[in-house]
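Written out below as structure tokens is the structure these notes cover.
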Amino acid sequence: MNLHIEETPVLLGRKAAALTAELLRRAVSENGHARLVLSTGSSQFETLEALVKEDVDWSKVTMFHLDEYVSLPETHPASFRKYLKERFLSKVTLADCHLVDGNPDSIPALTAELRKTPIDIGLIGIGENAHIAFNDPPADFDTRESYIVVNLNERCKQQQVGEGWFASTEEVPAQAISMTPWQIMQCRHIISAVPHKVKAKAVSDTLNHDTTPEIPATLLKTHPNFDLFLDAESASLITGQA
């Protein structure tokens with residue numbers, strides 16, 4: 001694991017985006033194309049804002065994304081399809097993109113596309129409860145499916161309300177379609193941009209515990225090419241940090 005600590009979320013985003021762009025350019029140079037998985041949420045704002053400004057031949061990049069609420073219309077402010085279209089897809093011209101549409105019946109077709117060739121880079125956030133994608137604790141580390149329907153726990157729902165996507169936990173959908181931990185780990189390189197004070201405990205738990213489904217993000221530490229980007233606040237509970 002490579003640990004990077006920047007002073008602010010903006011600096012964190014720039015550094016995470018720069019590494020992502022470097023790896024995308026390398027994949028395009030070596031293979032003629034690149035495949036990218038994106039996560040969403042307020043923690044990814046700065047990284048995506050910087051990434052769309054990077055010098056990448058986006059016409060040779062195919063994008064997938066991690067998760068979406070079951071049956072949530074794209075017009076809803078919390079829709080991750082809406083999020084990605086506004087913050088990423090409207091700003092670059094990709095070779096192709098494959099969004100999770102919130103319909104469980106679409107999982108087989110999405111899986112077929114995902115498994116055609118390996119994913120080069122996964123931008124994988126870490127939740128306040130240390131979830132990766134919507135794999136809340138205890139996460140299913142055993143399944144070899146690519147996407148599954150998961151139940152969202154109360155801590156996860158509280159995060160969505162805290163970030164302003166919903167007015168109350170009662171409004172948060174009970175289920176989501178999520179890329180599985182196993183599938184996330186198939187990415188050739190994983191980059192996690194994790195700013196903000198609300199992520200400090202999840203970061204500390206991830207770094208201070210052995211791999212366990214009760215802290216899903218601990219799985220990322222077992223990946224041979226994992227870069228974790230923190231800011232001063234998200235790193236504040238790590239021993240030796242202010």
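The values are calculated or read from the model by the stated rules, or taken from the named source; none is laboratory data. Values in this document were obtained by computation on a predicted structure and should not be read as measured data. Don't worry about glycine lacking a Cβ; one is built from the backbone with ideal geometry, like all the others, and counts go over all protein chains shown. Remember, those area values only see protein heavy atoms, side chains included, never the ligands or the DNA or RNA. Shrake-Rupley method; radii C 1.70, N 1.55, O 1.52, S 1.80 Å.
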Fraction of antiparallel bridges per DSSP, the chain only, in percent to nearest 5: 30
Rounded to 5, the percent of DSSP beta bridges in region 100-242 classed as antiparallel: 45
Residue order for Asp227, Asp205, Asp140 - accessible surface, 1.4 angstrom probe, largest first: Asp140, Asp205, Asp227
Rg to Rh quotient for region 119-203, alpha carbon positions, Kirkwood Rh: 0.97
Cα-Cα pairs of region 82-167 separated by more than 18 Å (percent): 58
Distance violations [Cα-Cα > 26 Å] among Lys60/Lys199; Lys15/Lys85; Lys60/Lys221; Lys53/Lys201; Lys199/Lys221: Lys60/Lys199; Lys60/Lys221; Lys53/Lys201
Accessible-area composition of region 153-199, carbon plus sulfur, in percent [1.4 Å probe]: 50
Region 62-218, accessible area per residue, ligands and nucleic acids excluded (1.4 Å, Å²): 40
Listed residues Lys15, Lys199, Lys53, most fluctuating in the chain (Gaussian network, C-alpha, under 10 Å): Lys53
Within a Gaussian network of the chain (alpha carbon springs, distance under 10 Å), most fluctuating of Gly122, Gly162, Gly41: Gly162
Relative counts (whole %) of C-alpha pair distances in region 89-242, using bins that are 5 Å wide: 2, 9, 16, 20, 21, 17, 10, 4, 1, 0
Charge sum, other residues only, whose C-beta stays under 10 Å from Ala176's C-beta, Lys/Arg counted +1 and Asp/Glu -1: -3
Sequence of Ser43, Ser29, Ser59 from largest to smallest accessible area, 1.4 Å probe: Ser29, Ser59, Ser43
Translational diffusion of region 66-121, µm² s⁻¹ [Kirkwood Rh, Cα pairs; Stokes-Einstein; 37 °C; 0.692 mPa s]: 264
Average projected area [Cα convex hull, region 109-158], square nanometres: 4.2
Nitroxide proxy distance, nm - points 7 Å out along Cα→Cβ at Lys85 and Ala174: 2.8
Virtual spin-label span in nm between Val161 and Thr117, 7 Å along Cα→Cβ: 4.5
Spin-label model distance (nm) - Leu3 vs Thr211, 7 Å beyond Cα toward Cβ: 1.9
Net lengthening on full extension, Glu30/Asn151 (0.36 nm per residue, minus Cα-Cα): 39.6 nm
Cα-based convex hull volume of region 43-88 per residue, rounded to whole Å³: 89
Net +/- balance of residues flanking Leu207 in space, Cβ distance below 14 Å, scoring K and R +1, D and E -1: 0
At 1.567 mPa s and 4 °C, Stokes diffusion of region 1-100 via Kirkwood alpha-carbon radius, µm² per second: 91
Over the chain: helical MRE at 222 nm, DSSP H runs n ≥ 4 each giving -39500 (n - 2.57), nearest 500: -7500 deg cm²/dmol
Stretch gain in nm, segment Asp96-Lys221, where the contour uses 0.36 nm per residue and the Cα spacing is subtracted: 42.0 nm
